[in-house]
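Q: Pasting a structure here, questions to come.
The values are calculated or read from the model by the stated rules, or taken from the named source; none is laboratory data. Everything quoted here is computed from the prediction, not taken from an experiment. Every residue, glycine as well, gets a Cβ built from its backbone with ideal geometry; the counts of neighbours run over all protein chains shown.
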Amino acid sequence: MILRTRNSVALSFAVALLLTSGCSTNKATGEQSFTAFMSEEDEKRVGGEEHPKILSQFGGEYKNEQLTSYVTSIGKKIAAVSEVPNLPYRFTVLNDEKVNAFALPGGYVYITRGLLALAENEAEMAGVLAHEVGHITARHTAQRYSTAMATNIGLTVLGVLGSVAGLPSGLNQVVSLGANAAVQGYSRSQELQADMLGVRYMTRVGYSPDGMTTFFKKLGAHTKLEAKMEGKGGVDHNIMSTHPRTEDRITQAIDLAKAKTVSNPRVASAEFLSHIDGMVFGDDPEQGVRKGRVFVHPSLRFRFEVPPEFVMFNAPTHLTAIGPGKSRIVFDMADPKKAPEVRSLSRYLKTEYGKGLSIRGTDSLRVNGLDSVTGASQLKTRDGIRDIRLIVIRGDDDEIFRFAFITPTDRTEALAVDLRRTTYSFRRISAAEAATIKPAHIKLITVRRGDTIKSLAERMTVQKYKEEWLRVLNAMPEGAEVRPGQKIKLVSG
């Protein structure tokens with residue numbers, strides 16, 4: 001007991017010494033923060049190293065010089081009035097349909113075209129950019145990294161002292177997992193701090209913080225719609241996952257908006273909407289396009305169809321379709337650099353694609369002239385036992401297409417025929433067919449006399465929930481109706 005007490009004192013002293021010696025006064029917040037393990041030069045280096053990875057993961061830059069220049073000009077105005085104006089700030093519009101924004105240390109700020117489509121005016125966009133600049137100036141990434149490093153050092157000390165004291169060897173692993181979980185993502189206080197800094201910066205350049213609060217509310221409406229589409233209580237692939245907007249954050253933003261008054265605040269709705277008019281909405285053909293229940297990829301020249309009641313969610317690297325009972329279809333492709341090395345599809349399915357699963361044998365198939373192999377297994381998930389059927393299809397030498405059908409055990413039989421149809425719907429398309437695939441776009445229109453929400457929703461070329469999408473994109477609550485002369489956003493093919 002005495003030995004363990006001394007160990008605890010030694011550990012506390014070691015960690016306290018690290019925290020004390022590594023604290024500095026933050027230029028933006030005026031507070032002491034622990035950033036001992038990441039200098040400002042390190043932040044620039046890390047941002048530069050991670051930037052290409054971000055582009056690869058999120059669909060690359062959206063190729064529209066006019067829009068990029070517009071976003072950059074607003075972002076740099078905001079950065080110029082921050083406490084760290086001399087960073088080489090870089091603002092990137094990502095070619096990603098998801099509603100997201102985030103920052104890397106060293107001045108890298110990202111905003112998706114999906115978020116721009118949801119915004120209504122320049123003030124709302126400025127609020128998002130100002131919030132991300134706030135994360136950079138407050139050096140939140142440096143704090144997270146340094147805390148993680150200090151925690152790991154503390155755990156190492158604990159591990160050494162623990163072995164002397166006779167503590168179980170597995171304890172260090174358990175504590176380590178908990179520590180890693182604790183430093184993932186921004187903390188609640190860091191998010192609130194970024195909001196505070198964001199309001200400071202946007203008001204300095206003439207925007208009302210109302211832009212931040214109105215966009216928060218839109219995020220809530222958008223998240224509810226996506227949750228409805230997925231058939232669950234929330235989503236994990238938009239800005240709400242990286243920047244959780246809780247009620248207290250919205251309340252704080254409203255309080256900040258009341259506290260900060262701006263004479264003749266800039267809103268610039270017309271200018272903002274003119275810049276996103278014609279912007280790609282939803283899928284870019286380079287990443288494949290959803291048309292009703294069909295997914296078609298013009299660049300890679302293939303298509304397939306998902307069953308009724310399944311809703312597709314597209315990403316640069318994979319497609320997921322959510323169906324009844326949380327059934328899922330996950331489609332992706334093997335690494336094109338490794339695919340040519342695969343000689344046996346059956347071995348590949350068992351040892352690579354299905355690695356970690358006990359595959360119950362494999363069967364060879366021919367799917368519209370293409371060699372294919374299938375195998376089945378079961379997996380225990382947080383939602384219970386799931387049946388899994390894997391399909392691998394050989395395309396060209398560097399192409400292996402992959403399906404994973406994941407179903408609750410009590411729904412597998414009922415969905416079997418539909419999922420088999422999905423498998424056999426996979427086929428190559430011709431160059432002529434590929435050339436006909438065009439993306440949807442944001443189209444700015446003026447409401448005419450006689451137009452209604454219902455009639456305008458019928459013109460929306462989204463997969464499902466046409467009226468809901470129309471309302472979310474135009475910040476129109478349930479029951480609100482359009483009026484003649486009003487400018488609104490439609491999604492047009």
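Q: Here are some residues: 490, 470. Which one is at pLDDT 95 or above and in a helix (DSSP H, G or I)? Spell out the reasoning first.
A: Numbers: 490 fails: in a helix (DSSP H, G or I).
Criteria check complete, one pass: 470.
One line per residue, one yes/no per condition, for (1) in the same structural domain as residue 206 (by TED's automatic domain parsing); (2) in contact with a helix residue (DSSP H, G or I) (Cβ under 7 Å, 6 or more places away or on another chain); (3) at pLDDT below 95:
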position: 84; (1), (2), (3): yes, yes, yes
position: 103; (1), (2), (3): yes, yes, yes
position: 116; (1), (2), (3): yes, yes, no
position: 122; (1), (2), (3): yes, yes, no
position: 125; (1), (2), (3): yes, yes, no
position: 131; (1), (2), (3): yes, yes, yes
position: 140; (1), (2), (3): yes, yes, yes
position: 143; (1), (2), (3): yes, no, yes
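Q: Here is a follow-up. Do any strands (runs of 3 or more DSSP E) lying entirely in the range 341-452 carry at least 2 residues that are under 30 Å from residue 276 (Cβ atoms) and among the hydrophobic types (A, V, I, L, M, F, W, C), and which ones are they? If you could, list the steps in order and put the result at the bottom.
A: Details: elements: 362-367, 370-381, 384-394, 400-408, 440-446.
Strands (runs of 3 or more DSSP E) meeting the threshold: 440-446.
Q: Which members of the range 372-398 meet the condition of being surrounded by fewer than 17 Cβ atoms within 10 Å (Cβ to Cβ) and among the acidic types (Asp, Glu)? Steps first, answer last, please.
A: At the first step, the residues of the range 372-398 found to be surrounded by fewer than 17 Cβ atoms within 10 Å (Cβ to Cβ) are 377-385, 396-398.
Answer for the range 372-398, where residues must be surrounded by fewer than 17 Cβ atoms within 10 Å (Cβ to Cβ) and among the acidic types (Asp, Glu): 383, 396, 397, 398.
Q: Could you count how many residues in the range 326-347 are surrounded by 20 or more Cβ atoms within 10 Å (Cβ to Cβ) and either over 30 Å from the mean Cα position of the chain (by Cα) or on the phi > 0 side of the Ramachandran plot (or both)?
A: The number of residues fulfilling the criteria is 1.
Q: Which condition number in (1) crowded, with 17+ Cβ neighbours inside 10 Å; (2) over 27 Å from the mean Cα position of the chain (by Cα) is the one that residue 441 fails?
A: Residue 441 satisfies every listed condition except (2).
Q: Of the numbered conditions (1) surrounded by fewer than 18 Cβ atoms within 10 Å (Cβ to Cβ); (2) under 21 Å from the mean Cα position of the chain (by Cα), residue 295 fails exactly one; give the number of that condition.
A: Every listed condition holds for residue 295 apart from (1).
Q: Please go through the range 476-493 and give me each residue that is in contact with a Lys or Arg (Cβ under 6 Å, 6 or more places away or on another chain) and surrounded by fewer than 19 Cβ atoms within 10 Å (Cβ to Cβ), ordered by number.
A: The answer is 484, 492.
Q: With (1) surrounded by fewer than 17 Cβ atoms within 10 Å (Cβ to Cβ); (2) under 17 Å from residue 306 (Cβ atoms); (3) in contact (Cβ under 8 Å) with a residue 40 or more places away in the chain as the list, and residue 426 as the residue in question, which single condition is left unmet?
A: Here residue 426 meets the rest and fails (1).
Q: For residue 58, state whether it is modelled with pLDDT under 95, in contact with a Leu (Cβ under 6 Å, 6 or more places away or on another chain) and either of a type in the set (Phe, Trp, Tyr) or over 27 Å from residue 205 (Cα atoms) (or both). I'd like the intermediate steps shown before the answer.
A: Values: modelled with pLDDT under 95: yes; in contact with a Leu (Cβ under 6 Å, 6 or more places away or on another chain): yes; either of a type in the set (Phe, Trp, Tyr) or over 27 Å from residue 205 (Cα atoms) (or both): yes.
Here the answer is yes, as residue 58 does meet what is asked.
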